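In what follows, a single structure is set out as structure tokens and then discussed.
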Amino acid sequence: MDFTDVGIRHTILNSVQLHHFIDFSPSAAVIAKEARLCVIAVVLASADSCCAKLPPIHSYQHQASPTVKPHNMMRTLASLALLAAGATAQIIESSSFGTGQTISPNKDSIPGWAIGGEGHEPHVLSDKLILTPPYPGNTRGSAWAQSPVTQSEWSAEFQFRASGPERAGGILQLWYTKDGQSRIGTSSIYTVGQFDGFALVIDTHGGRGGSVRGFLNDGTIDYKSHNSPDTLAFGHCDYSYRNLGRPSIVKLKHTSSIFEVTIDDKLCFSTNKVALPAGNTFGITAATPENPDSFEIFKFILESATGQGSTIPSNQGSTPQQPISNQVPDQPAQPIINSGTEGTMNGLAVQIADLSGRVQLTGKATNTILQELKNQAQKAEQRYAELLQKSLAQDRQFAQFDTRLSRLEQLLQAIQNDLQSKDYSGRFNQLHETLRSSHLSLSENLQGHLLSVITASSPRMGFFIFLLIAFQVLLVISYVIYKRRRANMPKKFL
């Protein structure tokens, strides 16, 4: 079987329980059916040898009694086996994603789904869809299937993961509603108006670490304007979903007799009073506050519930099927099989159906183990490569550090050798003598120079005295001349 067509997932319920699950793509399912038919052929061959020993079976009519050919009964059993093999669930590809190795062949979209957001654009990676990022907050994201569900009985599997800081929060909804993309868009259960359908809400309501609740609406209740939308939930269970480090697996099953929700293979709530109509579409929305959680969607698989859990019914009490046999032209009536042969056929049909189921389960378990071993080997190789790269980088850093230490040691050793090999006392004495001689010469020269400068710059006293005497003589002469002129002036008498 081609393992690229098989999707594997596992869930660790506690420290000792490890549950594995497998999802077949259509091509892998065809190969599995062919293998199952080969096993059926082997069983039929062994049954043919047993039926050959049966006594001939006669009809209860008045004509000649032809015998029932063994190969005719084998044809009937083969038809029953094919009917039992065909009664298996089929994946609805138009409303599913994540069934293969990658979530989408495109990097910005998922075939059959419309992706949108507010405050950011959801990211489509190889194995997951990030509806809300870890930063920034106050963002919304949505993914809506473009094709309505035509089956009235279905089962859905939904894998998600929520991670964020300790006091972060957010809300995640899985919708099955009519015209969900146009009526709901990116709204949450608290901001949506009137919707027609079902909503599964996952949040931290009530402060219990997490809860899963179910809501119904027939289009008459406006949740946005309702005083307390939390009271409208018809089913709930507590579930701590944040920072688990693994995807959480939510399963929904809707049939004519029951509607149930399980999470991590544990029943959350169920009821037989809910009947959802066909024609609705599935959608996933998420919203975060200022301190956000990051919601990641890994897989959403929708399967038709036809044939799930059913077995080939017994034909007792109903009209027996008439075998196809080679009849003589003059015989107008078909032979009728007696009750003993009918019981043998029914027993073989049940055994064949049971054997085919066991073969299918064995094949699934084998493929699961092989794929898990392959994944673990790949992870181990990746971890080994990462550790090898880290060790090489550390070795390079240690080598550089060792080189620097070696250079520093060499420099210190050279300085130490230089200090030990040379005597600097003579140089210090020479420097001391130089400084002392410089001081003596400077003090002697400075004293004589200062004296000469003071002598040269001082004024001459003889010249100063001469100026003083000359000024006094000039004053005396001026006074004498003034007296003479005053005495010679004419006198005036009154």
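Would it be correct to say that Y479 is more than 60 Å from the chain's Cα centre (by Cα) and modelled with pLDDT under 90? Taking the combined requirement at face value, the residue does not satisfy it. Being touching an Asp or Glu at 6+ places or on another chain (Cβ under 7 Å) and either farther than 29 Å from G207 by Cβ or among the hydroxyl-bearing types (S, T, Y) (or both): is that true of D196 here? For D196, the condition - touching an Asp or Glu at 6+ places or on another chain (Cβ under 7 Å) and either farther than 29 Å from G207 by Cβ or among the hydroxyl-bearing types (S, T, Y) (or both) - is met.
Out of the residues in the stretch 243-296 that are within 22 Å of T204 (Cβ to Cβ) and aromatic (F, W, Y), which is surrounded by the fewest Cβ atoms within 10 Å (Cβ to Cβ)? Ranking the candidates gives F269 first. Could you grab me the full set of residues in the stretch 156-183 that are surrounded by fewer than 18 Cβ atoms within 10 Å (Cβ to Cβ) and closer than 21 Å to G98 by Cα? Within the stretch 156-183, just S163 meets the criteria. Just to be sure before I move on: is K273 under 25 Å from T99 (Cα atoms), assigned by the TED database to the domain that holds Q101 and in contact with a strand residue (DSSP E or B) (Cβ under 9 Å, 6 or more places away or on another chain) in the structure I sent? Judged against the criteria, K273 is not a match.
Listed residues L392, L355; which is modelled with pLDDT under 90 and aliphatic (A, V, I, L, M)? Criteria check complete, one pass: L355.
Conditions tested, residue by residue: (1) aromatic (F, W, Y); (2) more than 20 Å from A143 (Cβ to Cβ); (3) outside the structural domain of W113 (by the TED database).
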| residue | (1), (2), (3) |
| --- | --- |
| T177 | no, no, no |
| G180 | no, no, no |
| S187 | no, no, no |
| V192 | no, no, no |
| F195 | yes, no, no |
| D203 | no, no, no |
| G210 | no, yes, no |
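Within the stretch 163-210, being touching a Gly at 6+ places or on another chain (Cβ under 8 Å) and among the basic types (K, R) holds for K178, R183.
The set of residues in the stretch 220-260 being part of a loop (DSSP other than H, G, I, E, B) and among the β-branched types (V, I, T) consists of T255, I258. Residues that are within 30 Å of Q101 (Cβ to Cβ), outside the structural domain of Q101 (by the TED database) and open to solvent by 100 Å² or more (accessible area, probe 1.4 Å): does the stretch 389-411 have at least one? Within the stretch 389-411, one or more residues are within 30 Å of Q101 (Cβ to Cβ), outside the structural domain of Q101 (by the TED database) and open to solvent by 100 Å² or more (accessible area, probe 1.4 Å). Considering only the stretch 150-188, state which residues are closer than 26 Å to S257 by Cα and either among the polar types (S, T, N, Q) or part of a loop (DSSP other than H, G, I, E, B) (or both). T150, Q151, S152, E153, S155, Q159, Q173, T177, K178, D179, listed by residue number. Please verify whether T204 is farther than 22 Å from S240 by Cα and open to solvent by 10 Å² or more (accessible area, probe 1.4 Å), treating the condition exactly as stated. Spelling it out, it is not the case that T204 is farther than 22 Å from S240 by Cα and open to solvent by 10 Å² or more (accessible area, probe 1.4 Å).
The residue of the stretch 99-126 that is most open to solvent (accessible area, probe 1.4 Å), among those that are part of a loop (DSSP other than H, G, I, E, B) and under 20 Å from T288 (Cβ atoms), is E121. Exactly one residue among P111, P122, P134 is within 17 Å of F298 (Cα to Cα) and out of contact with any strand residue (DSSP E or B) (no Cβ under 6 Å at 6 or more places or on another chain), and that residue is P111.
The values are calculated or read from the model by the stated rules, or taken from the named source; none is laboratory data. Just so it is clear, the structure is predicted and the values come from calculations on it, not from any experiment. FYI the Cβ positions are ideal-geometry reconstructions off the backbone, even for glycines, and counts take in every protein chain you see. What goes into the accessible areas is simple: the full protein's heavy atoms, side chains included, and nothing from ligands, DNA or RNA. Shrake-Rupley method; radii C 1.70, N 1.55, O 1.52, S 1.80 Å.
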